[in-house]
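The values are calculated or read from the model by the stated rules, or taken from the named source; none is laboratory data. This structure is a prediction, so every number in the text was calculated from the model and none was measured. Counting neighbours? That spans all protein chains shown, and the Cβs are built from the backbone with ideal geometry, glycine included.
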Amino acid sequence: MTSQPITAAAAGTWQLGDLTVNRIGFGAMRLTQNGAAFGDDRGPHDRDRALAVLRRAVELGVNHIDTAAFYFSPLRSANELINRALGPYPDDLVITTKVGPGRGPSGDWLDWARPEQLRGQVEENLRQLGRDHLDVVNLRVNGPAPVAESFGALAELRKEGFIRHLGLSNVWPDQIAEARAIAPVVCVQNRYGISARRAGSEEVLRTCGELGIAFVPFFAIAGDGRESGAGAAADNEALLDVARAHGASPAQVRLAWTLQQGPHVLAIPGTGNPGHLEANVAAGALRLTEDELRRLAALGQDAD
């Protein structure tokens with residue numbers, strides 16, 4: 001008898017404003033990237049495989065997908081893959097996108113959008129996703145600069161009905177406070193994980209918990225800027241010990257550790273590999289002991 005796979009419901013739920021999501025979600029960035037660079041021997045992810053991974057994620061109970069219009073390659077766009085795979089969208093599916101950075105047609109990074117350019121970025125996400133509004137839009141911030149003008153521009157789009165909820169990415173506590181003075185903030189996306197904690201990240205984690213804001217780490221599996229179900233970061237012996245004790249992979253332990261940093265913490269691991277997808281979702285059911293959590297926390301090194 002074949003056992004049923006663990007679903008995203010095992011991780012529990014959290015609210016993004018009035019939207020309920022399972023705490024294990026899916027990050028779409030890697031669907032457009034070269035798989036070989038992330039330990040995937042199939043090379044560039046083919047379109048049919050990317051569509052299949054997205055559909056399988058929803059079958060496994062994932063109802064929170066993170067994307068952006070600037071997630072694209074010469075071959076494909078993450079937003080358009082999501083539209084093709086999942087449209088017409090399930091009623092409970094929450095798609096979070098982000099604005100701020102920009103890329104030219106050849107993929108080269110452009111200057112960050114000025115406040116008056118954010119409307120165009122929101123409209124591009126709407127067009128690619130085939131939506132008349134966006135569930136959540138995160139303002140990706142470039143350094144410690146003030147956010148009021150740009151966040152205010154998004155707040156206006158929210159009033160016009162193009163955006164349901166607003167969030168932030170790559171921010172500090174003072175920027176969260178600055179944004180909240182303009183409009184509600186439902187989530188914060190920052191770099192965070194066992195091997196990906198910058199100085200001040202614990203304060204942001206704590207601040208979000210106190211305010212009831214979802215904290216959504218990126219690079220939770222790997223600290224070097226890579227996300228995969230294969231565990232791209234180097235694995236410390238203590239991490240391997242914990243993984244063996246639970247019959248789990250190091251990548252699953254990294255995800256479980258991140259989720260256990262608070263009930264308001266979500267995870268959005270990305271992969272183009274169907275097997276890694278199922279393993280990532282199953283990590284939501286893994287429960288580490290207090291001793292294991294402390295041992296793993298000691299592995300992280302704060303970095304500026």
The number of residues in region 42-83 that are of a type in the set (Ser, Thr, Tyr), more than 21 Å from Ala8 (Cα to Cα) and part of a loop (DSSP other than H, G, I, E, B) is 2
State whether one or more residues within region 58-66 are surrounded by fewer than 16 Cβ atoms within 10 Å (Cβ to Cβ), within 19 Å of the chain's Cα centre (by Cα) and not aliphatic (A, V, I, L, M).
yes
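Does region 31-46 contain at least one residue that is modelled with pLDDT of 95 or more and buried (at least 23 other Cβ atoms within 10 Å of the Cβ)? First the steps, then the outcome.
Filtering region 31-46 for residues modelled with pLDDT of 95 or more gives none.
No, because not a single residue in region 31-46 is modelled with pLDDT of 95 or more and buried (at least 23 other Cβ atoms within 10 Å of the Cβ).
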With the condition kept exactly as written, say whether any residue in region 189-202 is closer than 12 Å to Leu139 by Cα, modelled with pLDDT of 95 or more and in contact with a Gly (Cβ under 8 Å, 6 or more places away or on another chain).
yes
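Go through region 1-24 and report how many residues are touching a Ser or Thr at 6+ places or on another chain (Cβ under 8 Å) and touching a residue at least 12 places away in the same chain (Cβ under 8 Å). First the steps, then the outcome.
First, the residues of region 1-24 that are touching a Ser or Thr at 6+ places or on another chain (Cβ under 8 Å): 13-14, 16, 20-23.
Retained after the next criterion (residues that are touching a residue at least 12 places away in the same chain (Cβ under 8 Å)): 14, 16, 20-23.
Here the count works out to 6.
Can you tell me which residue within region 282-296, out of those that are among the basic types (Lys, Arg) and in a helix (DSSP H, G or I), is surrounded by the fewest Cβ atoms within 10 Å (Cβ to Cβ)? Break it down stepwise before answering.
Initially, region 282-296 is screened for residues among the basic types (Lys, Arg), giving 287, 294-295.
Imposing the further condition that a residue be in a helix (DSSP H, G or I) reduces the set to 294-295.
Working: Arg294: 10, Arg295: 17.
Result: Arg294.
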Please go through region 187-224 and pick out each residue that is in a loop (DSSP other than H, G, I, E, B) and not aliphatic (A, V, I, L, M).
Asn190, Tyr192, Gly193, Ser195, Arg197, Gly200, Gly212, Pro217, Phe219, Gly223, Asp224
How many residues does region 267-276 contain that are in a helix (DSSP H, G or I) and surrounded by fewer than 24 Cβ atoms within 10 Å (Cβ to Cβ)?
2
Here are some residues: Gly130, Gly100, Gly120, Gly104. Which one is touching a Gly at 6+ places or on another chain (Cβ under 7 Å), under 28 Å from Ala85 (Cβ atoms) and among the small types (Gly, Ala, Ser)?
Gly130
Tell me which residues, restricted to region 115-131, are farther than 18 Å from Ala78 by Cα and touching a residue at least 24 places away in the same chain (Cβ under 8 Å).
Pro115, Glu116, Leu118, Arg119
What are the residues in region 84-114 that are in a loop (DSSP other than H, G, I, E, B), under 14 Å from Leu134 (Cα atoms) and touching a residue at least 60 places away in the same chain (Cβ under 8 Å), if any?
Asp92
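Does Thr271 meet the test of being among the β-branched types (Val, Ile, Thr) and within 29 Å of Ala85 (Cα to Cα)?
Working: among the β-branched types (Val, Ile, Thr): yes; within 29 Å of Ala85 (Cα to Cα): yes.
It is true that Thr271 is among the β-branched types (Val, Ile, Thr) and within 29 Å of Ala85 (Cα to Cα).
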